Amino acid sequence: MTALLEANNLTKTYGNDTVAVDHLTISIGRGRIIGLLGPNGSGKSTFIKLINGLLTPTEGTILINGAAPGVESKKRIAYLPERTYLQSNMKVNQLIDFFGDFYEDFQKDKAYAMLQSMDIKSNTRLRTLSKGTKEKVQLILVMSRNADLYILDEPIAGVDPAARDFILKTIISNYNENATVLLSTHLISDIENILDDVIFIQDGKIKTQTTVENIREDYGKSVDAYFREVFAC
Amino acid sequence: MLIRSMKYYWQSTYKIILLMNLYLLLTTGIGVATLAAGVWNTHSEGITTLGAILFILYVISIVFVSNLVVIYIAVHFYRNMYSDEAYLTHTLPVSKHHLLLSQTIIGTIHCFLTSVIMLACIFGLIYFLFTCLNSQAKEALQLTYDPGMAADLYTAFANGAFFKGLLIVFYFLLSSAHSILLAFAAVAMGQLFTRHRIIGSIICYIGLYTIIQIATSLVVIPFMGLSLFGNVSMVQLINCGLLVETLFALACCVIFYLITYYLLSRKLNLD
Amino acid sequence: MAWDLDSDRPIYAQIVEKIQMQIVSGYYKPGDKLPSVRELAALACVNPNTMQKAFAELERSGLIKTMRTTGRLVTEDIHMIEGIQKALANQQLQIFFEKMMKLGYEKDQILSLLEQSIREQDS
């Protein structure tokens, strides 16, 4: 049984000798909601970009379902970047058609149902929507996929509390035992109740990989408090 | 998958290209209308001078607009493959070949169609210039008709006109593809710079363009030598020249495609 | 609205407590069907595996039974429910007594304070 995600000595250095990801080795299984936590500049985003094939590794390997990032892995990964990455002059229903065209596992009815529950009209152009609504649309498109690995990069930053709740509840209701959700964020206290596992990353290396339960039982602390301890300057 | 990508690229680019072509048709239409109305057939020197100036401006703007097509397609390529939108493009389950090929094909079609329209406009206008203007105006524009050269050109094409016509169309297609791929390669190479990537792309474009010009000259020189010193007629020159140019353009297309593909698949480093 | 849960303690234990309270107070009556793991997890805004663990715990204690076709049902055993109600009440009393004694009150003083407070609440 191959692990869902496997990195081996994964390294990414930039020209001026900045090491963003430093011989990172990790194995991630299925059916878990995992928090990728670390301070700014710890290598979270770089690691995520390497998984998605948006960066080429300097050294080491990254395998998704046993294959290097490529067409096959992209079929199985649903990625929500931190930025607005959709064409802003496209209408919401055009975007749904687009995703449906390129992703076999995209469920259009699910997307429309979620849009309706959020009161978002499907024939509006993306650029006319507020920032929070745009992020909801991007999340809905990702969550309407039936992927093996969902990667959400800062899904709740800069979003109002009601939208935050919607996003977290959507992640939970979408859960299935064969898929894994990787949440990268620095807003730990808001999401720690929905996490199974946490990965602490610092200076491009894995500092800790454990379950949330272990932290609460062994240390009697919340993940947020434990994080502050571990990363105290 | 290729057709799907092409469909989306077409949808996101055709409007601007259409606008450019409309400009070409409109300006030509106005020119033709004024010629047919005999506006320029006056004895007034002022108007004829004005006409000459407008004609020059027209030619400049036409050439400018057709170059704009390549620039626009290159900018669209950059936005699609290297800006924020790239986070979508490169996470789609589409191979780099398909991404590049679909952009190249659509870009080439845009460029080719615009070139055809541009040529049609120019020839159309020239035809009307010949037929509508009086001799004084023609003198002002120095339009002369050389029967000898025309006869040569005719014989050059008379034999196997169909295949030669096909070759010319093919050459034009390749020429468009060549411009597009050169621009794509320049954009991709510009991404290798860590900072000032856009300036880097422009520098690479100038560099590549210069190299191609030099290479073209090197290829053409033997032919010029032959025509001067050998017993080769203009007919054979044109025939052979066309073939050589086509092969050369084909080689360039392949090289630039491979360069861009390599950079996209092995050297992709999105911000 | 997400449940108010303390991040310092294991979440599943807090969920068990909360569901026990809901059953004991009559929010879920004996024989009622409980929402699915996923539905309740989304409602409470917690990890589904954690909710699953809480359910397993409740099932182990017998408060909940899983029926193959109908799903998860609250037990019909009223004695058990009353027993838990009493145990939870005793817990609260224990805490109350500890706090009052810390304030310096004796047992008979506590009783009269309690009676007075109840009389005031009734009027």
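No lab work stands behind these numbers, since they all come straight from the coordinates. This structure is a prediction, so every number in the text was calculated from the model and none was measured. In this analysis, Cβ positions are derived from the backbone assuming ideal geometry, glycine residues included, and neighbour counts consider all displayed protein chains.
Before anything else, pin down the relative contact order of the stretch B:1-143: Cα pairs under 8 Å, at least 6 apart, normalised by residue count, whole percent.
Over the stretch B:1-143, the number comes to 48 percent.
Which entries in the list A:Lys75/A:Lys136; A:Lys91/A:Lys169; C:Lys33/C:Lys86; A:Lys108/C:Lys18; A:Lys44/A:Lys110; A:Lys75/A:Lys110 go over 27 Å, if you measure between the two C-alpha atoms of each?
A:Lys108/C:Lys18; A:Lys44/A:Lys110
Hey, fewest Cβ within 10 Å first, where do B:Ile105, A:Ile171 land in order?
Final ranking by Cβ density, sparse to dense: B:Ile105, A:Ile171.
Cβ neighbours within 10 Å, averaged per peptide: list B:86-96, B:20-30 in order, most packed at the top.
Going from most to least packed, we get B:86-96, B:20-30.
Using alpha carbons only, how many degrees (0 to 90, rounded to 10) separate the axis of helix A:131-143 from the longest principal axis of chain A?
80 degrees
Under a point spin-label approximation (7 Å from Cα along Cα-to-Cβ), what is the C:Glu82-B:Asn41 distance to one decimal in nm?
Label-label distance for C:Glu82 and B:Asn41, simple model: 11.7 nm.
For the modelled label position 7 Å from the Cα of A:Gln107 along Cα-to-Cβ, which residues of the stretch A:172-194 have backbone nitrogen atoms closer than 12 Å?
A:173-176, by backbone N distance to the label point.
Relative contact order, percent, of the stretch A:56-129 when contacts are C-alpha pairs under 8 Å separated by at least 6 residues? Please list the in-between numbers first.
On the way: 41 pairs, mean separation 23.0, N = 74.
Dividing the mean separation by the residue count of the stretch A:56-129 yields 31 percent.
Quantify how strongly other chains surround peptide C:3-9 by giving the mean number of their Cβ atoms within 10 Å of each of its Cβ atoms.
5
What order do you get for B:Cys240, B:Cys121 when you list them from fewest to most C-beta neighbours inside 10 Å? It would help to have the intermediate numbers written out before the result.
Values: B:Cys240 14, B:Cys121 22.
Taking fewest neighbouring Cβ atoms as first place, the list is B:Cys240, B:Cys121.
So, how do all the Cα-to-Cα distances of the stretch A:30-99 break down into 5 Å bins, in percent, from 0 on up?
3, 12, 18, 22, 19, 14, 9, 3, 0
As a test of the formula, what do you get for chain C when each DSSP H run with n ≥ 4 contributes -39,500 (n - 2.57) and the sum is divided by the residue count, at 222 nm and rounded to the nearest 500 deg cm²/dmol?
So the calculated ellipticity at 222 nm is -21000 deg cm²/dmol.
Consider just the alpha-carbon atoms of the stretch A:189-233 and return their Rg together with their Dmax, both in angstrom.
10.2, 28
For the stretch C:11-76, just the Cα atoms, rotate onto the principal axes and tell me the three extents in Å, largest first.
28, 26, 20
To the nearest 500 deg cm²/dmol, what mean residue ellipticity at 222 nm is calculated for chain A from DSSP H runs of n ≥ 4 alone, each contributing -39,500 (n - 2.57), summed and divided by the residues? Kindly include the intermediate steps, with their values, before the conclusion.
Working: 9 runs with 81 residues, N = 233.
About -10000 deg cm²/dmol.
Of A:Asn93, B:Ser66, B:Ala185, which is farthest towards the positive pole of the protein assembly as shown's charge dipole, taken about the Cα centre with +1 and -1 on the beta-carbons of Lys, Arg and Asp, Glu respectively?
B:Ser66
Other chains near A:187-195: what is the mean number of their Cβ atoms within 10 Å of each residue's Cβ? Each step should come with its number before you reach the end.
Details: counts 0, 1, 1, 2, 2, 5, 13, 10, 4.
Partner-chain Cβ atoms within 10 Å, mean over residues of A:187-195: 4.
Which FRET efficiency value, to the nearest 0.05, is calculated for B:Thr131 and B:Thr210 with the Förster distance at 41 angstrom and r the Cβ-Cβ distance?
E between B:Thr131 and B:Thr210, to the nearest 0.05, is 0.50.
What is the log10 of I(q)/I(0) for the protein assembly as shown, computed with the Debye formula using one identical point scatterer on each Cα and no solvent, at q = 0.08, 0.09, 0.10 Å⁻¹?
Normalising to I(0) and taking log10 leaves -0.77, -0.89, -1.01.
Restricting to DSSP loop positions (anything but H, G, I, E, B) with no more than 15 other Cβ atoms inside 10 Å of their own Cβ, which GluC sites (Glu not before Pro) remain in the stretch A:57-144?
On the way: sites: A:Glu59, A:Glu72, A:Glu82, A:Glu104, A:Glu135; in loops: A:Glu82, A:Glu104.
Those that pass, being in a loop and sparsely packed, are A:Glu104.
Under 1.5 on a/c is rounded, so check that first for the stretch B:1-82, then, if it is not, pick prolate when a/b is larger than b/c and oblate when it is not; a ≥ b ≥ c are the square roots of the alpha carbon gyration tensor eigenvalues.
Here the stretch B:1-82 falls in the prolate category.
If contacts are Cα pairs under 8 angstrom and at least 6 residues apart, what is the relative contact order of chain C in percent?
Relative contact order here is 24 percent.
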